[in-house]
Each structure stands twice: as structure tokens, then as C-alpha cells.
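> Please find one structure pasted underneath; my questions will follow.
Since every read-out is calculated from the coordinates, none of them should be taken as a lab result. Here the structure is a predicted model, which is why all the values come from computation and not from measurement. Please note: Cβ atoms are built from the backbone with ideal geometry, for glycine as well, and neighbour counts cover all protein chains shown.
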Amino acid sequence: MVSFIGITSGSGGMGKSSSACNIALALSAMGKKVLLIECEFGIRSHDAILGVRPETFSSFSDYCNNNADLCDIITKPEKSKIPHFITGGIKSPEGDITKALISLKAELSSEYDFIVSDVSPLNERVFEAFKIACDTFLVLTDDSFISLRNSSFVVNSIKETSKAKIFGVLNKVVIDAKEGSPYAEDIADEMGASLIGIIPFDEHFSYSIENGLPIYKYNTYSGRAYENISKRLVGQAVPDYETGNGGFFNKNKFVLKYSI
Ligand SMILES: Nc1ncnc2c1ncn2[C@@H]1O[C@H](COP(=O)(O)OP(=O)(O)O)[C@@H](O)[C@H]1O
Ligand SMILES: [Mg+2]
């Protein structure tokens, strides 16, 4: 059975697209069959983050508008361990997105282990469809007041109408030697969801797109954070790399709680 993971956030620029691509890559590297769908429209970034060109002209929007079949929209890169992917499209779909997601999920259920997609809560029609189709949501935030507050709004809005499991991901964490950093437990409390991962701020994010080599391929704390999130998503009990021996957050006593 395919598991559909929606990656969202309360504020823009929190790392939805980067995380969708890198989690899809990390799951593929574990031998899982993964389909990545770009569900932010107008801007295309997944191909650049993956470092792979799309082989199709048609997009997820075209599929929702009944202008393309699944075989017309999925790029299947030949390189092993790169997820199959669908681009978003220039315009947000006008067709029935819920119906499209449900039929896509049913049709691809035996072919893939995971469907991973970024989705903005600001696109209400798309977000409502995701609340119905997704099995799990990851809600990204940084530790700023506004982002945390907005991420808790998003968590609550998912809880209202969706049966999906919800996990928080704390991204772009900078350890301030003087001030220290907030405890992961406090972040989880404020968001209303347990954390499944913590990703440090990492300057490789800008190099990675320029070099066409995804962040996951760099041997950095953020690359490993994506690996750990992916392992937790398949139910593996990953030692708290972020907090354990030699972990990035060790000296700041981050406590990472997760359950799947
Ligand atoms: N952990 C991180 N460290 C440094 N830069 C990051 C990190 N996560 C994301 N970024 C950068 O932040 C910007 C926004 O990320 P993106 O994935 O496009 O967010 P969204 O899809 O939520 O708008 C991009 O330039 C990306 O490279
Ligand atoms: Mg994006």
C-alpha cells in the first residue's frame, strides 16, 4: 500500500520543496519506490533540486484538468535511486484536485511505496484535497515566533478535517552559543505535533542547487537529518543522531520526540 506524505508549513520559505525532494531521495536510497509530486504552482524547483531534467511537458495541473494521463506526466529518471517525479505546472489546477489525487493514489498504489509532495496551505483548494488524500503530514517551521505560530494554525487546521498523522520538522536551526536554542519539546508543544526531525541551517543548500547535487548527497548534518527523518517514516527507531553522542544538538540538550 502506498503511503502519501504531504510536506507543508505555516510560512513561506520554510523548506517544503527542499524537504520534499530530499526526503524522496533518502527514501529512494533506502530502496523504496517513490513518486515525488510538485504541488506548488507557477514556480518549478524540484528538477533543479534533484539535478534532473523533466522528460514531460505535461504537469500535475494538466492531469487534474483531465488534459493528460499519468503516463504523460511522470518522469522516470534512469539513474537508480532517484525518485520518479511530476512537475507542478504553471497554473494552479481548475479541475477536481481531490478526485485527481485519489485516483492517482489508487492507480499507483501497487507501483510505489511512497508519494511525497510539497503543498502550501495558502492554496486552499489544493490544501483541502491534500487533507483528504494524505496519510501523513510533515509541518515545517523554523524557531521564529511567527513561523511557529503559523505552523500551529496549520497543524490545527489539518486536525480539524483530516485523519492523517501529523509530525513537525524544525528547520534552519542555528545554534547560538550565547543564547542557546529552544528545546525541541517546547517547539513540539507550541506546534501541537511531535517532532520527527531537526535540520540545521546549512550553507550547502545554496551550493547544492548551483552544483546540481542534492543536499542529501553531502555528508553534512542536514543531509543526515533527512536520512533520519526518512528512516523514522518507515518506522525504524533511529537513535537520536541529533541529540546522541557527537550529535549536532548535543551540547544544547535538544530532545527529539517522535512516534510513528
Ligand atoms: N536547512 C536549511 N539551511 C539553509 N538553507 C535552507 C535550509 N532549508 C531550506 N533552505 C533554503 O531556503 C529557501 C527556501 O526553501 P524552499 O525549500 O524553497 O522552501 P519552500 O518550498 O517552503 O518555500 C531555499 O533557498 C533553500 O535552499
Ligand atoms: Mg517551494
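> Based on the alpha-carbon gyration tensor of region 79-217 and its eigenvalue square roots a ≥ b ≥ c, which shape applies: rounded if a/c is under 1.5, prolate if not and a/b is larger than b/c, or oblate?
Because a/c hits 1.5 or more and a/b fails to exceed b/c, region 79-217 counts as oblate.
> Kindly state, to the nearest 0.05, the FRET efficiency for K81 paired with R149, given R0 = 35 Å and r defined as their beta-carbon distance.
0.40
> Rounded to two decimals, what is the ratio between the C-alpha radius of gyration of the chain and 2.2 N^0.38 Å?
0.96
> How long is the gain from M1 to D186 if the chain were fully straight, where each residue apart is worth 0.36 nm and the alpha carbon distance is subtracted?
Between M1 and D186, full extension yields an extra 63.2 nm.
> Gaussian network model of the chain, Cα springs within a sub-10 Å range: biggest mean-square fluctuation belongs to which of S206, S17, S59?
Residue with maximal mean-square fluctuation among S206, S17, S59: S206.
> Can you tell which of G235, G95, G192 shows the greatest fluctuation in a Gaussian network model of the chain with Cα springs below 10 Å?
It is G235.
> Moving to a separate point now. Which value, in debye to the nearest 20, gives the size of the charge dipole of the chain about its Cα centre, when Lys and Arg are +1 and Asp and Glu are -1 at the Cβ?
The calculated dipole for the chain is roughly 500 debye.
> Can you pull out the trypsin sites (Lys or Arg not before Pro) in region 53-143 that DSSP calls coil and that have at most 15 other Cβ atoms within 10 Å?
Here the trypsin sites (Lys or Arg not before Pro) that fit, given the DSSP loop and packing criteria, are K79, K81, K91.
> Can you give the angle from 0 to 90° between the axis of helix 124-133 and the longest principal axis of the chain, with both taken from C-alpha atoms, to the nearest 10?
Helix 124-133 and the main axis of the chain meet at about 90 degrees.
> Using modelled amide H (1.01 Å from N, peptide plane; none on Pro or chain starts), what sits under 5 Å from the amide H of G197, excluding residues fewer than 5 places away?
Residues meeting the criterion, in which the H sits 1.01 Å from N, are L170.
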